1. About the Cα centre, and with charges only on the beta carbon of Lys, Arg (+1) and Asp, Glu (-1), how big is the dipole of segment 2-69? Nearest 20 debye, please.
2. List the chymotrypsin sites (Phe, Trp or Tyr not before Pro) within the chain that DSSP assigns to loop and that have no more than 15 neighbouring Cβ atoms inside 10 Å.
3. Helix 58-69 against the longest principal axis of the chain: what's the angle in degrees, Cα atoms only, rounded to the nearest 10?
4. Compare the Cα positions of 65, 42, 26 along the charge dipole of segment 2-69 (+1 at Cβ of Lys, Arg; -1 at Cβ of Asp, Glu; about the Cα centre) and return the one farthest towards the positive end.
5. Can you tell me how the chain classifies by the Cα gyration tensor, rounded, prolate or oblate, using a/c under 1.5 as the rounded cut?
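Values in this text are rule-based calculations from the coordinates and carry no lab data. Values in this document were obtained by computation on a predicted structure and should not be read as measured data. A quick note on method: Cβ atoms are made from the backbone with ideal geometry, for glycine too, and the neighbour counts reach across all protein chains shown.
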Amino acid sequence: MAPLLQEHYIAVASDCDDPEEEVIGLAQQLEDAMMLPFVLFADADGKFLDGYSGVVTPPYLIKKLTEFSAR
């Protein structure tokens, strides 16, 4: 999974107690944003693509990463 992340993604961390305005805007588009962590996918222009809230399995994360890197 690390090579996929390193080749196609930029990871951004945000402090949930003091999040950046852009992060709030993306998170508000996530309908089921009920619990941490949030994983949000955005394109190079910052447009929300998809995301999920809470813990997921590695196979699910790999599936999502593969889908978006193929675009």
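1. Numbers: 3 positive and 13 negative charges, 86 e Å.
For this selection, approximately 420 debye.
2. Values: sites: 9, 38, 41, 48, 52, 60, 68; in loops: 9.
In loop regions of the chain (DSSP not H, G, I, E or B), the sparsely surrounded chymotrypsin sites (Phe, Trp or Tyr not before Pro) are 9.
3. In the chain, helix 58-69 runs at an angle near 80 degrees to the longest axis.
4. Positive-end residue among those listed: 65.
5. Numbers: a/c = 1.71, a/b = 1.38, b/c = 1.24.
Taking the square roots of the gyration eigenvalues as a ≥ b ≥ c, the chain is prolate.
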